[in-house]
1. Given the conditions (1) at pLDDT 90 or above; (2) more than 14 Å from the chain's Cα centre (by Cα); (3) crowded, with 19+ Cβ neighbours inside 10 Å, which single one is not true for Phe41?
2. Residue by residue through region 1-27, note down the ones that are surrounded by 11 or more Cβ atoms within 10 Å (Cβ to Cβ) and either of a type in the set (D, E, K, R) or within 17 Å of Glu96 (Cβ to Cβ) (or both).
3. List the number of the failed condition for Lys4; all other conditions in (1) without any contact (Cβ under 8 Å) to a residue 12 or more places away in the chain; (2) touching a Pro at 6+ places or on another chain (Cβ under 7 Å) hold.
4. Taking region 78-113 on its own, how many of its residues are among the aromatic types (Phe, Trp, Tyr) and assigned to a loop (DSSP other than H, G, I, E, B)?
5. Of all residues in region 46-69, which are in a loop (DSSP other than H, G, I, E, B) and either farther than 24 Å from Glu35 by Cα or aromatic (Phe, Trp, Tyr) (or both)?
6. Any residue that is buried (at least 20 other Cβ atoms within 10 Å of the Cβ), free of Cβ contacts under 8 Å to residues at least 60 places away in the same chain and within 19 Å of Thr67 (Cα to Cα) - is there at least one of those in region 93-102?
7. Is it the case that Gly65 is of a type in the set (Gly, Ala, Ser), in contact with a Phe, Trp or Tyr (Cβ under 8 Å, 6 or more places away or on another chain) and surrounded by 23 or more Cβ atoms within 10 Å (Cβ to Cβ)?
Amino acid sequence: MTTKYEDLLISIFSDSAYSFNSTDNLNNYDKKYFEESHYQFPSIYGIRVIRNDEEFSAVIGSEGGATTASNKSVIFDNNKLFMCCGDSVYCLSLPELNLNWKTKADMFTCFELFKIDNFFIVHGELEISKLSMDGKIEWQHSGRDIFVTPNGENDFEIKNGIITAKDWGNNEYKFDFEGNEIN
């Protein structure tokens, strides 16, 4: 994923072979934002930001399930990069890529991230979460099963202030932005 944001060229790419402090890594980064572990993280992303002739780089990684960097999991706003990675959501400053916060927003995988006014809604595999702009979890809801449908269609929607999610059994859940369940 490569995109322009203001005067920045930003590339986000999977670097699943990256190993903490290894000399055999294909890419080197200025900043590393994950814990050293014997466990191989399923989601490791390299981030490169270029402004004029200056380059900034960081690598992030998280436990949980694998995620994909896409327009549904990455948000650029107010000189910040917000991104789902494994079980967490990261907030990095732009262009420097300093870590502002990291929040574990799902027990397994964060699929999608939506900015609504001054908060975020996270579509996770096991939980739907509301995060404040500083990464605090304001509420979370889980369902009877994972929040995806067998065909992967129409499993999550935000419309007219209502969050609608379906689980594997096609059970439907509706919440308002305050976390109240709607019948």
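1. Here Phe41 meets the rest and fails (1).
2. Quick first cut of region 1-27, residues surrounded by 11 or more Cβ atoms within 10 Å (Cβ to Cβ) only: 1, 3, 5, 8-20, 25, 27.
The answer is Tyr5, Leu8, Leu9, Ile10, Ser11, Ile12, Asp15.
3. (2)
4. Residues of region 78-113 that are among the aromatic types (Phe, Trp, Tyr), as a first pass: 82, 90, 101, 108, 111.
Next cut, assigned to a loop (DSSP other than H, G, I, E, B) only: 108.
Matching residues across region 78-113 total 1.
5. Just the residues of region 46-69 that are in a loop (DSSP other than H, G, I, E, B), to begin with: 52-53, 63-69.
Result: Asn52, Asp53.
6. Initially, region 93-102 is screened for residues buried (at least 20 other Cβ atoms within 10 Å of the Cβ), giving 94-95, 97.
Retained after the next criterion (residues that are free of Cβ contacts under 8 Å to residues at least 60 places away in the same chain): none.
No, region 93-102 contains no residue that is buried (at least 20 other Cβ atoms within 10 Å of the Cβ), free of Cβ contacts under 8 Å to residues at least 60 places away in the same chain and within 19 Å of Thr67 (Cα to Cα).
7. Numbers: of a type in the set (Gly, Ala, Ser): yes; in contact with a Phe, Trp or Tyr (Cβ under 8 Å, 6 or more places away or on another chain): yes; surrounded by 23 or more Cβ atoms within 10 Å (Cβ to Cβ): no.
No: the conditions fail for Gly65.
A quick yes/no check of all residues on (1) at pLDDT 95 or above; (2) charged (D, E, K, R); (3) surrounded by 19 or more Cβ atoms within 10 Å (Cβ to Cβ):
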| position | (1), (2), (3) |
| --- | --- |
| Phe114 | yes, no, no |
| Leu131 | yes, no, yes |
| Ser142 | yes, no, no |
| Asp145 | yes, yes, no |
| Asn154 | no, no, no |
| Ile158 | yes, no, no |
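The values are calculated or read from the model by the stated rules, or taken from the named source; none is laboratory data. This is a predicted model, so every value here is computed, not measured. No Cβ is skipped: glycine too gets one built from the backbone with ideal geometry, and neighbour counts run over all protein chains shown.
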